[in-house]
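These notes are about the structure you will find just below.
All of the numbers you see were taken from the coordinates with simple rules; none came from a lab. As the structure is a computational prediction, the values presented were derived from the model and not from experiment. Counting neighbours? That spans all protein chains shown, and the Cβs are built from the backbone with ideal geometry, glycine included.
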């Protein structure tokens, strides 16, 4: 699965949910995921459940609590009045 993941792919915690960040780097065992306003998080490749359409879907149960907290606030600084 590692070979199908590329830098800048969007990262999600579930299909149909809002993206939480983007792939910044890929190693043999981990993804580096950048979450806006929170920085980079290492995610084990075993947490990846699906890769398609330039999207990486993660298993919530296999990512850190710190990443889950960051993801919950990844869009806090966005202005809801702006479309897009």
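For segment 2-72, a/c is less than 1.5, where a ≥ b ≥ c are the root eigenvalues of the C-alpha gyration tensor. That puts it in the rounded class.
Across segment 2-72, the mean sequence separation of Cα contacts (distance under 8 Å, 6 or more residues apart), normalised by length, yields a relative contact order of 28 percent.
With r as the distance between the Cβ atoms of residue 30 and residue 69 and R0 = 25 Å, compute the FRET efficiency 1/(1 + (r/R0)^6) and round to 0.05.
Values: r = 19 Å, r/R0 = 0.77.
Approximately 0.85, to the nearest 0.05.
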